[in-house]
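The structure appears right after this line, and notes come after that.
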Amino acid sequence: MKYFSLIILLFFACSEPVSVVKHKPIIHSITLSRTRIYVDEFITVQADVTDEDGDDLRFTWSADGGVFINPKNNPTQWHAKTNPGKYTLSLSVTDGTFVVEKSSQVQVISHP
């Protein structure tokens, strides 16, 4: 028993601490079903996102105009219920450790 305890003690004394390397999620792309739409129309917005660690990802969509129907979903829909103009649709993704962001733009035009 004395030798067993000594072997265990030597094993733990010689082993190096194990560090876990975390990776950021990667937003590869944001795809809009159309990039030019009329006021009061909807588009589908979808992101291609991966996480090397396999963590659960949380999505938050935002825009400088219009409104996302389900801003925590991917894919989701955006409603252009605003005035004509160019709008930025942004995505924030977190794995609980890191937050990454990416944006895309859509042109909203008046009905003819």
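Taking Cβ atoms as reference points and 15 Å as the exclusive limit, the residues near ILE109 contribute a net charge of +2, counting Lys and Arg as +1 and Asp and Glu as -1. The slack between THR44 and SER29, meaning 0.36 nm per residue of separation minus the straight C-alpha distance, is 4.0 nm. With a Förster radius of 22 Å applied to the beta-carbon distance between LYS102 and SER19, the computed FRET efficiency rounds to 0.15.
By DSSP, the beta bridges lying fully in the range 20-109 are antiparallel in about 90 percent of cases.
Every read-out reported here was derived from the displayed coordinates using simple, explicitly stated rules and does not represent laboratory data. Nothing here was measured: the structure is a model prediction, and the numbers come from that model. Don't worry about glycine lacking a Cβ; one is built from the backbone with ideal geometry, like all the others, and counts go over all protein chains shown.
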